[in-house]
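Worksheet for the structure shown next.
The values are calculated or read from the model by the stated rules, or taken from the named source; none is laboratory data. The structure presented is a predicted model; accordingly, all values stated were derived computationally and were not measured. Counting neighbours? That spans all protein chains shown, and the Cβs are built from the backbone with ideal geometry, glycine included.
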Amino acid sequence: MPRLSKIAIAVLAVLAFAALLTFPSLLRTVLGLRRADRSAEQARRAIVPPISTPSDTREKAQLFWLSPTSPDTLEATTVELDLSADAEKRAKQLITALIEKTPSQTQRTLPADAVLLQFYLMPDGTGIADFSETLETEAPSGILNEEMAVDSIVRTLGANLSNVYRLKILIRGQEADTLAGHLDLSGFFNVTPQAQAQPAATGGATGEQPLAANPSNASPSPEQQPAIRN
Amino acid sequence: MTLTVVLDPAHGGADFGARGPTGLAESDVVLDFARAARIALEAQRLRVLLTREGNQDPTFDARSAMINGLANAIFISLHVSSSGPLGTARTYYYVFPSNVTPAVNPTAGAPPQTARAQASGAQPTRTSLIQWDEAQRSSVDSSRQLAFLVQTVLVQRFKDSPDAPIAAPVRQLRTIAAPAIAIELSSIDVTDAKRLDQMAQPLAEAIGRAVAEFHPLGASTTTPSGAH
């Protein structure tokens, strides 16, 4: 065998040995990355500091997620949160908790990757929630699913804020046609602050209410009231 | 004049809609539903149109345009949800979110006052033009009536479904100047496609029976303006 061939074989053998030595750590790194499975949105959220203000106090808040026993209804869950006295920041803390503190995957109403970019509160009681585009792209498709997503936001705001009367949802600062292909985002969603809600209309803490009020001059008769889902 | 029923199998083309664990696409399932419903409706000598016959994806406005030029027609959009109790069905009719600007009294926390001038939902007269973007305003009451009829029949065939229809701003319905509803069945989250196939016939029968009983509150012959 020529001398050059022997040298080449020796070099290749050394390289193969080195590869064998480094392979386990490389494998561990790849598996670790896969386990982390963090999207860009989650990574972005990780470096965003938690929303906190000097006026934060530990409070019990009612958050609305899907019922574990009835996936087409929402159920109120009491969660302890640091909440601001400032209504805009309080709303942001609440919606962020709605995304991040979901008790289980089956109860989730908003995509895990969704980020509330900003919440504005107008003097007339209109809240404007500006979400990342993942709300639109990652939300499960379907009228029921999208209805539950918006309803969970609306009812969480209503249960924990007294001065938000309607909600507008934006995606990256722009008005979107639909949430995920079904629910119309061109208008406002009515919010009923809990303190002012009529018990008969809401069915208590876990009762259902329609997403939006009917026009005042087209109100249905009592027997034709919009569905109060069971 | 013969009633025309426009059946709208949602999604299509690159828009599959909801996807099942085995790759089952909502767009295919609802097309089968629409074909079954067409047979049931044509048996009643009704004229039936589908917004898509194959795997196309007409826009919301293109689907609306199919019915907005017709007199004496109703629109039924068919969907399958991503999740929800299997074997249940829900009927939706459009509800316009309030255009009323709330007047907040920060000291008393008073509920919002309504401004009559801004109150929405007025039924236009037969001669008025209808805004394309809010064409459904002309038919909210008839749509609600149709939705109640359909849900009443559906709940007999799909146990555990809600007793009454649901008011929700479903985008497709907003631009339709005729009685319009959406029906959504649960759910695409099945491993055996036969479970959804089995829903096609009872759904078709329910639609056929409800449509036979439906008598619109008042037919509008106006054509929406400002189509885009």
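For region A:75-118, a residue qualifies if it is of a type in the set (S, T, N, Q) and touching a strand residue (DSSP E or B) at 6+ places or on another chain (Cβ under 9 Å), and the qualifying residues are A:THR77, A:THR78, A:SER84, A:GLN93, A:THR96, A:THR102, A:SER104, A:THR106, A:GLN107, A:THR109, A:GLN118.
Might you let me know whether region A:59-73 holds any residue that is more than 21 Å from A:ALA149 (Cβ to Cβ), surrounded by fewer than 19 Cβ atoms within 10 Å (Cβ to Cβ) and at pLDDT below 85? Looking through region A:59-73, none of the residues is more than 21 Å from A:ALA149 (Cβ to Cβ), surrounded by fewer than 19 Cβ atoms within 10 Å (Cβ to Cβ) and at pLDDT below 85.
Among residues of region A:163-179 that are under 14 Å from A:ILE153 (Cβ atoms), those with a Cβ under 6 angstrom from a residue that is assigned to a strand (DSSP E or B) and among the polar types (S, T, N, Q), sequence gap 6+ or separate chain, pair up as A:ARG166/A:THR126; A:ARG166/A:ASN190.
Does region B:31-45 contain any residue that is surrounded by 14 or more Cβ atoms within 10 Å (Cβ to Cβ), touching a residue at least 24 places away in the same chain (Cβ under 8 Å), of a type outside the set (Ser, Thr, Tyr) and touching a Ser or Thr at 6+ places or on another chain (Cβ under 7 Å)? No, region B:31-45 has no match at all. Helices (runs of 4 or more DSSP H) fully within region A:87-175 that include at least 2 residues being within 18 Å of A:SER186 (Cα to Cα): A:134-138, A:143-160. Taking the stated definitions as given, is B:SER77 over 12 Å from the mean Cα position of the chain (by Cα) and of a type in the set (Ser, Thr, Tyr)? Judged against the criteria, B:SER77 is not a match.
Across region A:176-215, the qualifying residues are those that are of a type in the set (Ser, Thr, Tyr) and in a loop (DSSP other than H, G, I, E, B), and the one among them that is modelled with the lowest pLDDT is A:THR206.
Within region B:151-171, restricting attention to residues that are surrounded by 24 or more Cβ atoms within 10 Å (Cβ to Cβ) and not small (Gly, Ala, Ser), which residue is nearest to the chain's Cα centre (by Cα)?
First, the residues of region B:151-171 that are surrounded by 24 or more Cβ atoms within 10 Å (Cβ to Cβ): B:151, B:154, B:165-170.
Restricting the remaining residues to those that are not small (Gly, Ala, Ser) gives B:151, B:154, B:165-166, B:169-170.
Values: B:GLN151: 12, B:LEU154: 14, B:PRO165: 11, B:ILE166: 11, B:PRO169: 10, B:VAL170: 8 Å.
That would be B:VAL170.
When B:LEU203, B:LEU185, B:LEU154 are checked against the criterion of being part of a strand (DSSP E or B) and in contact (Cβ under 8 Å) with a residue 24 or more places away in the chain, a single residue qualifies: B:LEU185.
Checking each residue in region B:157-172 for being within 19 Å of B:ALA206 (Cβ to Cβ) and touching a residue at least 24 places away in the same chain (Cβ under 8 Å) picks out B:ARG157, B:PHE158, B:LYS159, B:ASP160, B:SER161, B:PRO162, B:PRO165, B:ILE166, B:VAL170. Filtered by the rule that a residue be in a loop (DSSP other than H, G, I, E, B) and at pLDDT 95 or above, region B:88-110 gives a lone residue, B:TYR94.
Report the residue count in region B:172-199 for those that are of a type outside the set (A, V, I, L, M, F, W, C), surrounded by fewer than 21 Cβ atoms within 10 Å (Cβ to Cβ) and within 18 Å of B:SER82 (Cβ to Cβ). Quick ask: steps written out before the conclusion?
We begin by selecting, within region B:172-199, every residue of a type outside the set (A, V, I, L, M, F, W, C); these are B:172, B:174-175, B:179, B:184, B:186-187, B:189, B:191-192, B:194-195, B:197-198.
Now drop any that are not surrounded by fewer than 21 Cβ atoms within 10 Å (Cβ to Cβ), which leaves B:189, B:191-192, B:194-195, B:197-198.
So of that shortlist, the ones also within 18 Å of B:SER82 (Cβ to Cβ) come out as B:189, B:191-192, B:195.
Residues in region B:172-199 being of a type outside the set (A, V, I, L, M, F, W, C), surrounded by fewer than 21 Cβ atoms within 10 Å (Cβ to Cβ) and within 18 Å of B:SER82 (Cβ to Cβ): 4 in total.
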